[in-house]
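Participant: Here's a structure for you.
The values are calculated or read from the model by the stated rules, or taken from the named source; none is laboratory data. Predicted model only: the values in this text are computed from it and were never measured. Backbone-built Cβ (ideal geometry, glycine too); neighbour counts: all protein chains shown.
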Amino acid sequence: MKGVRLVSFLVGAIIIAACGSTTTSGGNTNTYAGKVIKLGAILSITGAGGVYGPQSRDGMNLAVKQINAGGGILGATITLTINDDASLKATAAQLTQTLIQGEQDLALLGPTLSNSAVGAHPLAESLKTPILAVSTTGIHIVPDCNWSAATQDTTPCKYVFRDSLGEETAIPDNIKSYAGDKHPATGVLLVAQDDKFSSDGGQIVQNTVGQYGINLLKVIKFNKAEPDLSPYVTQAVQAKPDVIFITSLGGIPAKIMTEARKQGWTGQFLGGNGFNTATVSAQAGADGLGARSASAWYLGNTFPSNAEFVSAYRSEYKDANGNPKDPDQFAAQGYAAINILADAAKRAGLTFTDLAGDRDKLRAAMEKVNIQTPLGPFQFTSTHDVKQTVWVIAMDGKGGFTLVHQIAGS
Amino acid sequence: MDFITQLLTDPIGFYNSHTLLIANIGINSILAASMFVVLYSGQLSLAAPGFMAIGAYTSVLMELYWRTPLALDIAAGTALASVVALLVGLSVLRLRGVFLAIATIGFIEALRLGVILNLPITGEGLGLQNPKADPLGGVNMVLVALVLVVFLLWRLTKGRLGHAWSAIRQDELAAMSQGIDVARYKMLAFILSAALAAFAGGLEAHLNFFVDPGDAQYGVTRAVQVLTFAVLGGSGNIFGPVVGALFLTTLPEILRFQGFNYRDIVSGVILIAVIIFRPQGIVGRGGLAIIRPRWWPRAQVSAPSPG
Amino acid sequence: MGQQLLNAIFFGSIYALFAVGYTLVFGILDILNLAHSAVFMFGAAITYSLVVNHGQSFWVACVLGVGACAVMGLVIEHVCLRPLRRRRAPPIAALISTIGLALIIVAAIEQGRPGTFFAWLWVDGANSVSFPPAAVPNPTWHVAGLTLEASRIAIIPISIVLMLVLGYVMRYTQVGRGLRAVAENPRAARLMGLNVDRMITLTLVISSALGGVAGILFGVSLGDISPYIGRDNVEVRGLAVIVLGGMGSIPGAVVGGYLLGLIELIALLARGSSARDGIAFAALFLMLVLRPQGLFGAQLREKV
């Protein structure tokens, strides 16, 4: 009896091994058939960052829908959960833990704000889970997510990536292009000192203006939750600068612009990533006409996959009046992020039985991503960062943007 | 509801995958204990977040700049908070009721907005980053600390200190006329509460990779949250606030379904319902209003426990 | 500098109007109504929603908005306060139940998005919005180097008129006398035939309506309406004002409001933004330590 059992076992093992071997990455497009790739996104749907989060979400959901409709990733379906961190650092950190350990997600996306990333990214790194930022543009996001002024620690975080163009590139490009057009002589910087994104942006402005002959007359700091920014705007306007730099996000840029125009100032506003969404342009309205920023994406760009992305987005999403909605930079970055993860998952050889191993394989595969996205041809740099074309855009006073310059990535 | 099913069917797995939640429950419980001490002695002090901030910043700064061991850092934070509590207490402890509450709110906001946000070393508005944080290992520390704190306070309330506090809470003038040194006992309660809060703050900072001076961490919002733990749980004995903290920290997680956005509304409704139908709190005055096992020690003097 | 001073006066007026509602409830009921800041926000949000989403004219929307806040005062009384009074709950319970209601109000607005249950209230979720310039009449003049906007200037006369009216009612009308009787001694007032419950309801209604007006003025003049304007801007400052002025004293709340506006301005000019936020609390703390009854409050009685 034992002999029979042993033989059946061996025969069974051989059959299983034979089946197994036909599912290696040798051309079978259903290697992952029946499996689920779990992704979790931490986004600011409410709070100060709530101006940007929903667009990222919409872009991501569109990508997930398209991929699943097209047969998934080698047969596996993607599930994406959207989790709101209410623009709070502590909530982002808590969600990171829940998604990694509770939900057992393969990889995470987000959080929306650089300020929240400080809480989430080091945690994801210590729990060895890949996290792909889709809108954080501050400094020391990648690769040194554990950097702090006290420790000056530049150890790269292996699991942290971003597809959102950093302010270190965007702001200087914006300043350079404006300086080239109009040769301003003086500027004033308004910065929300208790927000990482704004504060980082302010630092970059201060480091850059000298090169283009702009004299920074004043650096005016305020706290982001202040209801009334008019004293600060008054200080700025009274210095009579050619340019006012606004590195804040959320509702603050529009407030500053409206107040400055009310006080009779007619100069140029230059901003950071905080400008790059239709909501902010609409809030600023006519007061924001001509305000410039550097964006990682432009509606009318001619990259191969962009037109298709825009039309799919327009048919999927409608605004409050039922008209098709245009995507924005955040939607494009979210959409690209899902495609990046999907491509990496395809090549990673996931086992779906060893989560820790799979996460590491995904990480390694992400480093080699090379695909077309609405942001252009996409590859991560050696520091898991982004190099791409920069679009200098200006608000058109009606809730949209016009293109001013296109600057190729270097 | 997968939260509950996992808890019931796979407790070990649940523990391992919800370590940060469990740690938060622990920390909130220690904060609730801090609140318990002042409420038990009749003081409506909302100063806990301020002392938390002192504990958190001190321990993180020491760890970053002097690289001292964690135990020393947290102890230093607790000690510093106690000293500050002494000074603050000297100024405000003669105030009563809502006035004390407002004075302590003044203290925590002045500390947060006036001091922390203006001292370059605290990182001002951006807070501090704490790369040496240990979110996974820290849980066990928190749970052990919680057990010790609860035990300590349980013993204290059964002893002379507890009786003095109870007397003061019920009628300060009568207690004074009975020879109880009201000022001293109130100060003791205040300092102990501050030490517990600072301890919780230091532990919390060790679990997160950052210390942030926001309102939700060390401001009025936090103070109100901690007050709610204690009042909802019932501040008649130490277990009430802990139960309150457990309930209110877990509630948002239980309600975290995909697409269900009304968690806060449900929390608010539950808060109102509990406080109206059971204003003495979940645990109430005489202990859990459930069947006590025979070996549970009976207090000799106790108010009839509300059913 | 002149512009800053004007701003200080505008803010002072809003703080004062808000604090009057706070102090009214405290003076009469000995309760801190922590739902007041939520009502402040609610007034602004409802008015905005009426104008932008329901196409009402600005003035009609204001009236309806204030009305909605008055109704909210009814809700506070019937849902948060009366059940506790009936059950003879300790005063701290009222604090918690008003906190709960504040949580509900803020969350309802925060979750208001197109297609959700609360869309008829508000559709902008957690975003910060402002009135479209076309909807609100807001002539602006430039005089002597200062920018004067009607929406900000109007705050001063509106607040002063409301506070004068309230003062008159409290002092010279029967209703006012009834309210003051309840403040002194509710039991005696009931024995004298006063319907204490009705007086309390009236207190909450007036207080909430005033809070709503303050919220609308804030929203219009600052161009900032979001679910968080109560919590971030006036909730704790209101406390500072009533402490400075004396809790329970209406003239105290008025003076305290302007005083706080001035103190904040000085702190801002002297040391910048962070000092401005912290100074209110430093002032509050000092006042409580040195003179707990505030500028106008009665000597704190020992409640024996």
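Participant: With respect to residue A:302, is the statement that it is under 25 Å from residue C:222 (Cβ atoms) and hydroxyl-bearing (Ser, Thr, Tyr) true?
Facilitator: For residue A:302, the condition - under 25 Å from residue C:222 (Cβ atoms) and hydroxyl-bearing (Ser, Thr, Tyr) - is not met.
Participant: Can you tell me which residues in segment B:195-240 are in contact with a Ser or Thr (Cβ under 6 Å, 6 or more places away or on another chain) and among the acidic types (Asp, Glu)?
Facilitator: B:215
Participant: Quick one: in segment C:89-125, which of the residues that are more than 10 Å from chain B (Cβ to nearest Cβ) and within 21 Å of the chain's Cα centre (by Cα) is farthest from residue A:49 (Cα to Cα)?
Facilitator: So, considering only residues that are more than 10 Å from chain B (Cβ to nearest Cβ) and within 21 Å of the chain's Cα centre (by Cα), the one farthest from residue A:49 (Cα to Cα) is C:121.
Participant: What number of residues within segment C:260-295 satisfy the criterion of being closer than 23 Å to residue A:232 by Cβ and either touching a Cys at 6+ places or on another chain (Cβ under 6 Å) or not aromatic (Phe, Trp, Tyr) (or both)?
Facilitator: 23
Participant: Give me a count of the residues in segment C:79-90 that are in a helix (DSSP H, G or I) and either modelled with pLDDT of 95 or more or of a type in the set (A, V, I, L, M, F, W, C) (or both).
Facilitator: Number satisfying all stated conditions: 4.
Participant: Can you work out which of the residues in segment A:42-56 that are under 16 Å from residue A:337 (Cβ atoms) and more than 11 Å from the chain's Cα centre (by Cα) is surrounded by the fewest Cβ atoms within 10 Å (Cβ to Cβ)? Walk me through it before giving the result.
Facilitator: Within segment A:42-56, the subset under 16 Å from residue A:337 (Cβ atoms) is A:42-44, A:52-56.
Next, from what is left, pick out any that are more than 11 Å from the chain's Cα centre (by Cα): A:42, A:44, A:54.
Details: A:42: 30, A:44: 31, A:54: 26.
Only one residue tops the list, namely A:54.
Participant: Mind checking whether some residue in segment C:7-16 is away from chain A (no Cβ under 14 Å), surrounded by 24 or more Cβ atoms within 10 Å (Cβ to Cβ) and touching a residue at least 40 places away in the same chain (Cβ under 8 Å)? Reasoning before the result, please.
Facilitator: Residues of segment C:7-16 away from chain A (no Cβ under 14 Å): C:16.
After this cut, where a residue has to be surrounded by 24 or more Cβ atoms within 10 Å (Cβ to Cβ) as well, the list is C:16.
Applying the additional criterion that residues be touching a residue at least 40 places away in the same chain (Cβ under 8 Å) yields C:16.
Yes, segment C:7-16 contains a residue that is away from chain A (no Cβ under 14 Å), surrounded by 24 or more Cβ atoms within 10 Å (Cβ to Cβ) and touching a residue at least 40 places away in the same chain (Cβ under 8 Å).
Participant: Taking the conditions exactly as written (of a type in the set (Phe, Trp, Tyr), in a helix (DSSP H, G or I) and at pLDDT 90 or above), does residue C:18 satisfy them or not?
Facilitator: yes
Participant: Just name the residue that is farthest from residue B:92 (Cα to Cα) out of those in segment B:21-80 that are within 13 Å of chain A (Cβ to nearest Cβ) and of a type in the set (D, E, K, R).
Facilitator: Filtering first and then ranking leaves B:67.
Participant: Please enumerate the residues belonging to segment A:255-284 that are β-branched (Val, Ile, Thr) and either within 23 Å of the chain's Cα centre (by Cα) or assigned to a helix (DSSP H, G or I) (or both). So that I can check it myself, show each step before the final result.
Facilitator: Residues of segment A:255-284 β-branched (Val, Ile, Thr): A:256, A:258, A:266, A:277, A:279-280.
Answer for segment A:255-284, where residues must be β-branched (Val, Ile, Thr) and either within 23 Å of the chain's Cα centre (by Cα) or assigned to a helix (DSSP H, G or I) (or both): A:256, A:258, A:277, A:279, A:280.
Participant: In addition: What are the residues in segment C:35-50 that are surrounded by 24 or more Cβ atoms within 10 Å (Cβ to Cβ) and of a type in the set (A, V, I, L, M, F, W, C), if any?
Facilitator: Scanning segment C:35-50 gives C:35, C:38, C:39, C:40, C:41, C:42, C:44, C:45, C:46.
Participant: How many of the residues in segment B:93-106 are within 17 Å of residue B:225 (Cα to Cα), within 7 Å of chain C (Cβ to nearest Cβ) and surrounded by 24 or more Cβ atoms within 10 Å (Cβ to Cβ)?
Facilitator: Residues meeting the conditions: 3.
Participant: Is there a residue in segment C:290-303 that is at pLDDT 80 or above, more than 18 Å from residue C:33 (Cα to Cα) and crowded, with 22+ Cβ neighbours inside 10 Å?
Facilitator: Narrowing segment C:290-303 to residues at pLDDT 80 or above: C:290-296.
Remaining after also requiring more than 18 Å from residue C:33 (Cα to Cα): C:290-296.
Add one more test, that the residue is crowded, with 22+ Cβ neighbours inside 10 Å, and what stays is C:294.
So far as segment C:290-303 goes, yes, one or more of its residues are at pLDDT 80 or above, more than 18 Å from residue C:33 (Cα to Cα) and crowded, with 22+ Cβ neighbours inside 10 Å.
Participant: Which strands (runs of 3 or more DSSP E) does segment A:80-196 wholly contain that include 1 or more residues that are closer than 21 Å to residue A:344 by Cβ and within 14 Å of another protein chain (Cβ to nearest Cβ)?
Facilitator: Values: elements: A:107-109, A:131-133, A:160-162, A:186-192.
Because the criterion is at least 1 residues that are closer than 21 Å to residue A:344 by Cβ and within 14 Å of another protein chain (Cβ to nearest Cβ), the strands (runs of 3 or more DSSP E) in segment A:80-196 that meet it are A:131-133, A:160-162.
Conditions tested, residue by residue: (1) touching a His at 6+ places or on another chain (Cβ under 9 Å); (2) surrounded by fewer than 18 Cβ atoms within 10 Å (Cβ to Cβ).
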residue	(1), (2)
B:41	no, no
B:47	no, no
B:55	no, no
B:65	no, yes
B:70	yes, yes
B:80	no, no
B:87	no, yes
B:90	no, yes
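Participant: Another question about this same structure. I'd like to know if segment C:12-19 contains one or more residues that are over 25 Å from residue C:197 (Cα atoms), among the aromatic types (Phe, Trp, Tyr) and in contact with a strand residue (DSSP E or B) (Cβ under 6 Å, 6 or more places away or on another chain). Please lay out each step first, then the result.
Facilitator: Filtering segment C:12-19 down to residues over 25 Å from residue C:197 (Cα atoms) leaves C:12-16.
Then drop every residue that is not among the aromatic types (Phe, Trp, Tyr), which leaves C:15.
When the remaining residues are screened for being in contact with a strand residue (DSSP E or B) (Cβ under 6 Å, 6 or more places away or on another chain), the result is none.
No, segment C:12-19 contains no residue that is over 25 Å from residue C:197 (Cα atoms), among the aromatic types (Phe, Trp, Tyr) and in contact with a strand residue (DSSP E or B) (Cβ under 6 Å, 6 or more places away or on another chain).
Participant: Which members of segment B:126-148 meet the condition of being farther than 21 Å from residue B:217 by Cα and within 14 Å of chain A (Cβ to nearest Cβ)?
Facilitator: Listed by number, the list holds a single entry, B:137.
Participant: Looking at this structure, is residue A:307 within 14 Å of chain C (Cβ to nearest Cβ) and free of Cβ contacts under 8 Å to residues at least 60 places away in the same chain?
Facilitator: On the way: within 14 Å of chain C (Cβ to nearest Cβ): no; free of Cβ contacts under 8 Å to residues at least 60 places away in the same chain: yes.
So residue A:307 does not fit the description; no.
Participant: Which residues, counting only those in segment B:33-53, are within 19 Å of residue B:168 (Cβ to Cβ) and assigned to a helix (DSSP H, G or I)?
Facilitator: B:33, B:34, B:35, B:36, B:37, B:38, B:39, B:40
Participant: Suppose we keep only residues that are within 30 Å of residue A:270 (Cβ to Cβ) and more than 19 Å from the chain's Cα centre (by Cα) within segment A:318-336. Which one would you say is surrounded by the fewest Cβ atoms within 10 Å (Cβ to Cβ)? Reasoning before the result, please.
Facilitator: Taking segment A:318-336 first, the residues within 30 Å of residue A:270 (Cβ to Cβ) are A:319, A:325-336.
Going one step further and asking which of them are more than 19 Å from the chain's Cα centre (by Cα), we end up with A:319, A:325.
Working: A:319: 11, A:325: 17.
If we take residues in segment A:318-336 being within 30 Å of residue A:270 (Cβ to Cβ) and more than 19 Å from the chain's Cα centre (by Cα), then A:319 is surrounded by the fewest Cβ atoms within 10 Å (Cβ to Cβ).
Participant: With respect to residue B:231, determine if the residue is within 24 Å of residue B:50 (Cα to Cα), at pLDDT below 90, in contact with an Asp or Glu (Cβ under 7 Å, 6 or more places away or on another chain) and surrounded by 21 or more Cβ atoms within 10 Å (Cβ to Cβ).
Facilitator: When the stated conditions are applied, residue B:231 does not pass them.
Participant: Please find, among A:363, A:314, the residue that is touching a Pro at 6+ places or on another chain (Cβ under 6 Å) and within 17 Å of residue A:158 (Cβ to Cβ).
Facilitator: A:363
Participant: Name the residues in segment B:8-18 that are within 24 Å of the chain's Cα centre (by Cα) and under 14 Å from residue A:103 (Cβ atoms), would you?
Facilitator: B:18
Participant: Does any residue of segment A:241-253 turn out to be modelled with pLDDT of 90 or more, surrounded by fewer than 22 Cβ atoms within 10 Å (Cβ to Cβ) and either within 25 Å of residue C:271 (Cα to Cα) or within 14 Å of chain C (Cβ to nearest Cβ) (or both)?
Facilitator: Scanning segment A:241-253 turns up no residue that is modelled with pLDDT of 90 or more, surrounded by fewer than 22 Cβ atoms within 10 Å (Cβ to Cβ) and either within 25 Å of residue C:271 (Cα to Cα) or within 14 Å of chain C (Cβ to nearest Cβ) (or both).
Participant: If a residue has to be among the polar types (S, T, N, Q) and in contact with an Asp or Glu (Cβ under 6 Å, 6 or more places away or on another chain) to count, how many in segment A:114-151 make the cut?
Facilitator: Qualifying residue count for the region: 4.
Participant: Just checking: which of the helices (runs of 4 or more DSSP H) contained wholly in segment B:72-171 hold 2 or more residues that are among the aromatic types (Phe, Trp, Tyr) and under 17 Å from the mean Cα position of the chain (by Cα)? Outline the logic, then answer.
Facilitator: Working: elements: B:97-109, B:138-158, B:160-170.
Ranges flagged: B:138-158.
Participant: Just name the residue that is farthest from the other protein chains (Cβ to nearest Cβ) out of those in segment C:246-263 that are crowded, with 24+ Cβ neighbours inside 10 Å and out of contact with any Phe, Trp or Tyr (no Cβ under 6 Å at 6 or more places or on another chain).
Facilitator: Going through the qualifying residues, I end up with C:254.
Participant: Filter segment C:150-170 for residues that are in contact with a helix residue (DSSP H, G or I) (Cβ under 7 Å, 6 or more places away or on another chain) and within 14 Å of chain A (Cβ to nearest Cβ) and give the result.
Facilitator: Of everything in segment C:150-170, those that are in contact with a helix residue (DSSP H, G or I) (Cβ under 7 Å, 6 or more places away or on another chain) and within 14 Å of chain A (Cβ to nearest Cβ) turn out to be C:151, C:152, C:155.
Participant: Hey, among C:216, C:279, which residue is buried (at least 23 other Cβ atoms within 10 Å of the Cβ), in a helix (DSSP H, G or I) and modelled with pLDDT of 85 or more?
Facilitator: Matching residue, one of C:216, C:279: C:216.
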